[in-house]
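Working notes, structure below.
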Amino acid sequence: MRVALITGATGGLGKCLAEGLDQRGFRVVAHYFSNHEALSELKEKLKNQPLTVQADLSREAEVEKMAAELKGKLDRLDLIVNNASVTRDALLLRLSEKDWDRVMAVNLKGAFHVVKHLTPLMISSGGGHIINITSLSGLKGRTGQAAYAASKSALIGFTLSLARELSVYNIKVNNLVPGYLPTGMGLKSKKAMQRAREESLLGRLSNPESVAEFIAFVSEQEITGQTFCLETRV
């Protein structure tokens with residue numbers, strides 16, 4: 001049975017990814033930060049011997065501990081989905097350094113920590129796939145999202161470098177832009193959600209179940225160093 005680690009698995013998209021990959025035969029390792037209630041709800045829905053791990057991904061020592069725990073429980077790791085993400089939306093002149101640093105610490109440094117400390121388990125498995133969840137904001141920018149857009153844009157460059165470095169270990173690394181989703185952060189602003197629907201060429205938002213299906217498909221392909229966009233906007 002293939003094993004998939006999903007960071008931020010208690011968030012809106014994270015839960016959909018965990019359930020979707022579980023349904024497609026993966027054993028899911030669900031990472032969470034602090035939402036125990038959401039974790040309990042998720043665990044009840046996962047059937048394939050799920051594991052849960054807790055860590056603040058911005059802190060390297062906690063990710064090292066998480067990696068050691070998983071190495072003691074797993075003999076393989078086939079897929080890593082770096083999904084954990086936060087945003088602190090504000091116009092640049094009102095954006096605090098504290099909020100900027102937190103966004104970078106989770107969205108970018110967190111992905112760095114996870115890949116650095118979990119890749120050895122993937123290498124020992126004979127290879128695998130890393131998918132980093134980015135955003136249209138990282139490709140085009142968005143007013144009020146300087147920190148978030150910068151973190152997601154940097155994640156794309158991080159992915160392209162990893163694709164080159166890890167190819168010798170049969171590890172593929174790709175970006176995925178899931179589109180504006182009616183889950184998690186996407187639900188926080190009805191105005192932004194309505195705008196996304198109006199900007200959509202198809203007149204609708206993206207589908208979280210389709211994101212899980214796409215990840216399951218891509219994880220089996222010999223493709224690396226790419227940015228896949230499931231957006232319905234341009």
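Projecting the Cα atoms of Thr52, Ala147, Ala105 onto the charge dipole of the chain (Cβ charges, centred on the Cα centre) puts Ala147 farthest toward the positive pole. With bins 10 Å wide beginning at 0, the percent of Cα pairs of the range 3-229 falling in each bin runs 8, 34, 39, 16, 2. 3J(HN,Hα) couplings calculated from phi for the range 130-145 with the Karplus curve 6.51 cos²θ - 1.76 cosθ + 1.60 (θ = phi - 60°) are, in sequence order, 10, 10, 9, 7, 10, 8, 4, 4, x, 9, 10, x, 7, 4, x, 10 Hz; Gly and Pro show x. Dipole size of the chain about its Cα centre, with +1 on Lys/Arg Cβ and -1 on Asp/Glu Cβ: approximately 440 debye, rounded to the nearest 20. Take each peptide in 208-216, 153-161, 4-12, count the other Cβ atoms within 10 Å of every residue, and average; sorted highest first, the result is 4-12, 208-216, 153-161. The phi-based Karplus calculation (6.51 cos²θ - 1.76 cosθ + 1.60; θ = phi - 60°) puts the 3J(HN,Hα) values of the range 42-55 at 5, 4, 5, 8, 8, 10, 9, 6, x, 10, 10, 9, 10, 5 Hz, whole numbers, x for Gly and Pro. In straight-distance terms, cross-link reach from Lys71 covers every one of the lysines whose alpha-carbon lies under 17 Å from its own, apart from those fewer than eight places away in the same chain; here that gives Lys116. Remark: for residue pairs Lys43/Lys140; Lys15/Lys73; Lys43/Lys109, the C-alpha separation exceeds 30 Å in Lys43/Lys140. With the cut-off at under 15 Å, measuring from each backbone N in the range 75-98 to a point 7 Å along the Cα-to-Cβ line of Ala192 picks out 85-92, 95. Under 5 Å from the amide H of Phe228 lie the amide H atoms of Asn175, Leu176, Val177, each residue being 5 or more positions distant or on a separate chain, with H modelled from the backbone and absent for Pro and chain starts. For the range 152-164, 3J(HN,Hα) computed residue by residue from phi via the Karplus equation (6.51, -1.76, 1.60; θ = phi - 60°) reads 6, 5, 5, 4, 5, x, 4, 4, 5, 5, 4, 4, 6 Hz, glycine and proline entered as x. Between Lys43 and Arg164, the contour length at 0.36 nm per residue exceeds the Cα-Cα span by 40.0 nm.
With the helix formula -39500 (n - 2.57) applied to DSSP H stretches of n ≥ 4, the chain reaches a computed 222 nm mean residue ellipticity of -14000 deg cm²/dmol.
Model label points for Arg94 and Leu201, set 7 angstrom from Cα along the Cα-to-Cβ axis, are 3.4 nm apart.
Computed from the coordinates by the stated procedures, all read-outs in this text should not be read as laboratory data. Since we're looking at a predicted model, the values are computed, not measured. Glycine gets a Cβ as well: all are built from the backbone with ideal geometry, and neighbour counts include every protein chain shown.
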